[in-house]
């Protein structure tokens, strides 16, 4: 079975600084997708960034980028120039291609300090 | 437009009540999902509909009854719930079918906060 692990239950970062959230996963599949979702106190799960496993290039979305290490099964999220609005619960998620199930990690609560 | 809407935002019900949660999307997605989320936990998948047919039921108790009247709507009918069913209920949608770029991404609604007394 696939599992997703986020080893940092809580993290904090100073405004304008950079923070990295870690995620590791376990799978025997070779074709899959990885995601980072953000859930602020407003509750809505918002897609931050996605990565196709077949792509070696790391995905980037503005201030958000990932470090995807397929062999190590690692998928970390880097947030640059952190803003107060980045404070949220961040979930790493996995989905096998042609599958319907998302497997979520336990989440990392990020606080941004002014 | 990547919007999924859910109503109501909040719901309080007794254990003998019957209520329904509603979810709607107009992105042309053909897969829709119900998740249950407890505080400080990740979402747990309950049901998946693909092309209006129930394709996954994660051993959810029968007091939860999903319904997909058409490709844009998803309902969750609630009856005889227990206090431990109190949670945030999230709806999501995605394009159905693998191999299509972006088909894998799920878009979530804002959720319904359910309290069972």
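Readers should treat all values here as calculations from the given coordinates under stated rules, not as data from a laboratory. As the structure is a computational prediction, the values presented were derived from the model and not from experiment. Positions of Cβ are backbone-derived with ideal geometry, glycine not excepted, and every protein chain shown enters the neighbour counts.
Its residues counted as N, chain A yields a C-alpha radius of gyration over 2.2 N^0.38 Å of 1.02. In this rough spin-label picture, where each label sits 7 Å from Cα along the Cβ direction, the residue A:57-residue A:81 distance is 2.1 nm.
Work out how much length residue A:97 to residue A:30 would gain on full extension: take 0.36 nm times their residue separation and subtract the Cα-Cα distance, in nm to one decimal. Don't jump to the answer; show the numbers that get you there.
Working: separation 67, 0.36 × 67 = 24.12 nm, distance 0.90 nm.
Gain on extension, residue A:97 to residue A:30, equals 23.2 nm.
At an R0 of 22 angstrom, the distance between the Cβ atoms of residue A:3 and residue A:67 translates into a FRET efficiency of 0.65. Working from the Cα coordinates of chain B, the gyration tensor eigenvalues give, after taking √(5λ), semi-axes of 24, 14, 13 Å in decreasing order. Considering only A:82, A:28, A:12, the Gaussian network model of chain A with Cα springs below 10 Å gives its largest mean-square fluctuation to A:28. Considering the protein assembly as shown at the alpha-carbon level, its Rg and Dmax are found to be 17.7, 54 Å. The equivalent ellipsoid of the stretch A:34-92 has semi-axes of 22, 12, 9 Å, largest first, where each one is the square root of 5 times an eigenvalue of the Cα gyration tensor.
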